[in-house]
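The values are calculated or read from the model by the stated rules, or taken from the named source; none is laboratory data. What you are looking at is a predicted structure, and each value in this text was computed from that prediction instead of being measured. Please note: Cβ atoms are built from the backbone with ideal geometry, for glycine as well, and neighbour counts cover all protein chains shown. Ligands, DNA and RNA are excluded from the accessible area calculation, which covers all protein heavy atoms including side chains. Shrake-Rupley method; radii C 1.70, N 1.55, O 1.52, S 1.80 Å.
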Amino acid sequence: MVLVLEADVAVVPKCYLSALYIHEKGKLFTQLVDLLQFYEGFEINDNFGKQLTDDEVLQSHYDRVQSFQLLAFTKIPKLQQLALV
């Protein structure tokens, strides 16, 4: 749940754009943001904290791509010409 909220709010990209991230006195902030981005990419089950198998990671990726395609094809009808049927 936390990762979904954090991704929705775009915490890491906003931190990268902040002045503190590039400021010389923001070294600790920069390290913390980099650490957050690293742990964001961990392949674990959000509900149980167990490591995901390679197949589960791949399926998760495919699900996200499919959701994005569905959204894109719904919002921009002209893209439907590119859809693979």
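A few points about this structure:
- Extension gain (nm, one decimal) between residue 73 and residue 47, 0.36 nm per residue minus Cα-Cα: 6.3 nm
- Heavy-atom surface of the chain, accessible at 1.4 Å and reported per residue (Å²): 91
- 0 to 90° range, to nearest 10: angle between helix 54-75 axis and the chain longest Cα axis: 70
- Remark: relative contact order (the chain) = 15 percent; criterion is Cα-Cα distance under 8 angstrom and separation of 6 or more residues.
- Sum of side-chain charges, residue 37 neighbourhood, beta-carbon under 15 Å (Lys, Arg +1; Asp, Glu -1): -3
- Dipole magnitude of the chain, debye to nearest 20 (Cβ charges: Lys/Arg +1, Asp/Glu -1, about Cα centre): 460
- Carbon + sulfur, % of accessible area of the range 31-85 - ligands and nucleic acids excluded, 1.4 Å: 58
- Neighbourhood charge, 13 Å Cβ-Cβ cut-off, centred on residue 63 and excluding it, Lys, Arg +1 and Asp, Glu -1: -1
- Proximity of backbone amide H atoms, modeled 1.01 Å from N, is registered between residue 44 and 52 at under 5 Å, excluding neighbours fewer than 5 places apart on the same chain.
- Positive contributions from Lys and Arg (+1) and negative ones from Asp and Glu (-1), summed over other residues with Cβ under 15 Å from the Cβ of residue 19, come out at +2.
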